[in-house]
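*Asks:* I'd like to ask you about the structure that follows.
The values are calculated or read from the model by the stated rules, or taken from the named source; none is laboratory data. In this text, all values refer to a predicted model and were calculated from it rather than measured experimentally. Neighbour counts run over all protein chains shown; Cβ positions are idealised from the backbone, glycine included. Calculation scope for accessible area: heavy atoms of the full protein, side chains included, ligands and nucleic acids excluded. Shrake-Rupley method; radii C 1.70, N 1.55, O 1.52, S 1.80 Å.
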Protein chains: 2
Amino acid sequence: MSPRSGRRPGSEDTKAEILAVARRLFAQRGYRETTLRDIGAAAGVDPSLVSHYFQCKERLFSVALEVPLVPAEILDLLRGGDPSRAGERVIRLFLRLWEGPPTREPLLAMLRSAVSDDRARELLASFLGAAVVEPVGTVLEGAERELRATLVGSQLVGLAVARYLLCIEPLASADPERLVAWIAPTLQAYLAG
Amino acid sequence: MSPRSGRRPGSEDTKAEILAVARRLFAQRGYRETTLRDIGAAAGVDPSLVSHYFQCKERLFSVALEVPLVPAEILDLLRGGDPSRAGERVIRLFLRLWEGPPTREPLLAMLRSAVSDDRARELLASFLGAAVVEPVGTVLEGAERELRATLVGSQLVGLAVARYLLCIEPLASADPERLVAWIAPTLQAYLAG
DNA sequence: CGCGTAATTCATCAACTGATGAATTATAAC
DNA sequence: GTTATAATTCATCAGTTGATGAATTACGCG
């Protein structure tokens, strides 16, 4: 009787939904603790369908990691406009990326997995190197340019970890404008030397 | 013939060595990716011996996490001495803890596991809350005391992640004194308001 | 309608995990 | 010396994981 298996009527783009669910779970729990069965269950789908669409878990993960951030954007941000406000522009871009769920989830997944998975760590490190440290470093002037660029990165990573990952109060619920007010000067100090 | 099983001659304090190995592996790979078999192998010992000494993996982990840091120490650090140098004292204590392997490893393990494991995350969050944010918050003066305390925490966590966990250059190899020079003013700004 | 193709589930595999209880051996106490 | 005790390994379990191949069903095109 009850036809359990076989194609389901209607319900198009299950693949996209699987990806969305995977992204959410990877962001919440990281790579290792997210199982294909979890993803399947959360998507209301057999786990093997996940394997079917994305071959293996790693490939699904790498697809889920794709982050909509162009390094060039950061460079423009630094060069354009008032140099004495570069720090403010950077923290604003950062918050804009992290406050929006569609961009936050891949970032969270990346961060969360980078600390336990070596591949993800190298991915994030090289991403940060190419997307932040290097461009920022070349734009800066004065001594210790690259060190200062990584210091900017350290404050931003720390904010991401404390606010979005560990959810430490009251930082986690603080108004973004308050964060801009406090952190912009820090970044500005690192940027200006 | 070859007596494989049974007690080994000599070789005292295997338990301590197992713990040391576990600490190292937990720090390197985090909780989930460190298997009891890995620990046993690295300690040159049967995996079941690990279970025997520490009952279960979680208990071993919690023992490995014990971190030699008294919250009161931080309070004294803030209150004692020149208030305009409190930031410098904080970053110096922080670096002292992280530069020494015996204290770095539990901290790294804690940090690494906190991002993927919920129990470890709550552990770290409550630890940070009780050991850093709250004491620091009560000592501070002016508006947004607690937010500023967590901002201090965010810069420190970011430094730990970027330097010791992701190993982003040139921050990872930078001379501690350089870090003090750059970061002390940041912390001072958060502390002083 | 009939047929190919894509979507989906089912059953199942081998590998690995943490844990347990029994068995074996060295050390310490008497 | 005998004996209790602690140290250590072995064999083994049940659970979970990612992956695969076959089977079942719906859709689209002719």
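*Asks:* In segment B:10-57, how many are touching an Asp or Glu at 6+ places or on another chain (Cβ under 7 Å) and near DNA strand D (Cβ under 10 Å from one of its atoms)?
*Replies:* Taking segment B:10-57 first, the residues touching an Asp or Glu at 6+ places or on another chain (Cβ under 7 Å) are B:23-25, B:27, B:31-32, B:40, B:43.
With the extra rule that they be near DNA strand D (Cβ under 10 Å from one of its atoms), the set shrinks to B:40, B:43.
Within segment B:10-57, residues that are touching an Asp or Glu at 6+ places or on another chain (Cβ under 7 Å) and near DNA strand D (Cβ under 10 Å from one of its atoms) number 2.
*Asks:* Looking at A:Ala43, A:Ala64 in this structure, which one is at pLDDT below 90, open to solvent by less than 50 Å² (accessible area, probe 1.4 Å) and in contact with a Leu (Cβ under 9 Å, 6 or more places away or on another chain)? Reasoning before the result, please.
*Replies:* Details: A:Ala43 fails: at pLDDT below 90.
Exactly one residue qualifies, and that residue is A:Ala64.
*Asks:* Give B:Ala130, B:Ala162, B:Ala125, B:Ala143 a once-over and let me know the one that is crowded, with 22+ Cβ neighbours inside 10 Å and of a type outside the set (Lys, Arg). Give the derivation first.
*Replies:* Numbers: B:Ala130 fails: crowded, with 22+ Cβ neighbours inside 10 Å; B:Ala125 fails: crowded, with 22+ Cβ neighbours inside 10 Å; B:Ala143 fails: crowded, with 22+ Cβ neighbours inside 10 Å.
Sole residue among the options that is crowded, with 22+ Cβ neighbours inside 10 Å and of a type outside the set (Lys, Arg): B:Ala162.
*Asks:* Of all residues being without any contact (Cβ under 8 Å) to a residue 40 or more places away in the chain and open to solvent by 10 Å² or more (accessible area, probe 1.4 Å) in segment B:146-156, which is farthest from A:Pro176 (Cα to Cα)? Just the residue, please.
*Replies:* Among them, the one singled out is B:Gly153.
*Asks:* Which residues, counting only those in segment B:32-49, are of a type in the set (A, V, I, L, M) and closer than 11 Å to B:Glu17 by Cβ?
*Replies:* So the first thing to find is which residues in segment B:32-49 are of a type in the set (A, V, I, L, M), and the list is B:36, B:39, B:41-43, B:45, B:49.
Scanning segment B:32-49 gives B:Ile39, B:Ala42, B:Ala43, B:Val45, B:Leu49.
*Asks:* In segment A:47-66, is there at least one residue being away from DNA strand C (no atom under 16 Å from the Cβ), away from chain B (no Cβ under 14 Å) and within 19 Å of A:Val157 (Cβ to Cβ)?
*Replies:* Yes: segment A:47-66 contains one or more residues that are away from DNA strand C (no atom under 16 Å from the Cβ), away from chain B (no Cβ under 14 Å) and within 19 Å of A:Val157 (Cβ to Cβ).
*Asks:* Across segment A:59-71, what is the total count of residues that are in a helix (DSSP H, G or I) and touching a residue at least 40 places away in the same chain (Cβ under 8 Å)?
*Replies:* Within segment A:59-71, the subset in a helix (DSSP H, G or I) is A:59-64, A:71.
Next, only the ones that are touching a residue at least 40 places away in the same chain (Cβ under 8 Å) stay: A:60-61, A:63-64, A:71.
Looking only at that region, the number is 5.
*Asks:* In segment B:18-35, what residues are in a loop (DSSP other than H, G, I, E, B), among the polar types (S, T, N, Q) and open to solvent by 10 Å² or more (accessible area, probe 1.4 Å)? Reasoning before the result, please.
*Replies:* From segment B:18-35, those in a loop (DSSP other than H, G, I, E, B) are B:30-35; that's our starting set.
From what's left, among the polar types (S, T, N, Q): B:34-35.
Passing the criteria: only B:Thr35.
*Asks:* Here's something else I'd like to know. Go through segment B:48-60 and give me each residue that's open to solvent by less than 40 Å² (accessible area, probe 1.4 Å) and either in the same structural domain as B:Leu124 (by TED's automatic domain parsing) or over 15 Å from B:Glu105 (Cα atoms) (or both).
*Replies:* Taking segment B:48-60 as the starting set, the residues that turn out to be open to solvent by less than 40 Å² (accessible area, probe 1.4 Å) are B:50, B:54, B:60.
B:Val50, B:Phe54 - these are the residues of segment B:48-60 that are open to solvent by less than 40 Å² (accessible area, probe 1.4 Å) and either in the same structural domain as B:Leu124 (by TED's automatic domain parsing) or over 15 Å from B:Glu105 (Cα atoms) (or both).
*Asks:* Right, next: For B:Gly100, only one of the following conditions fails: (1) of a type outside the set (A, V, I, L, M); (2) at pLDDT 90 or above; (3) surrounded by fewer than 15 Cβ atoms within 10 Å (Cβ to Cβ); (4) over 20 Å from B:Pro135 (Cβ atoms). What is its number?
*Replies:* The one condition B:Gly100 does not meet is (2).
*Asks:* In this structure, does A:Arg37 turn out to be touching a Pro at 6+ places or on another chain (Cβ under 7 Å), among the basic types (Lys, Arg), within 16 Å of DNA strand C (Cβ to nearest atom) and closer than 25 Å to B:Ala114 by Cα? Lay out the reasoning, then the answer.
*Replies:* Values: touching a Pro at 6+ places or on another chain (Cβ under 7 Å): yes; among the basic types (Lys, Arg): yes; within 16 Å of DNA strand C (Cβ to nearest atom): yes; closer than 25 Å to B:Ala114 by Cα: yes.
So A:Arg37 fits the description; yes.
*Asks:* Let me ask something else. For segment A:157-193, how many residues meet the condition of being at the interface with chain B (Cβ under 7 Å from one of its Cβ atoms), in a loop (DSSP other than H, G, I, E, B) and more than 20 Å from the chain's Cα centre (by Cα)?
*Replies:* Count: 1.
*Asks:* Since A:Asp82 meets every condition but one in (1) without any contact (Cβ under 8 Å) to a residue 12 or more places away in the chain; (2) surrounded by 18 or more Cβ atoms within 10 Å (Cβ to Cβ), which condition does it not meet?
*Replies:* (2)
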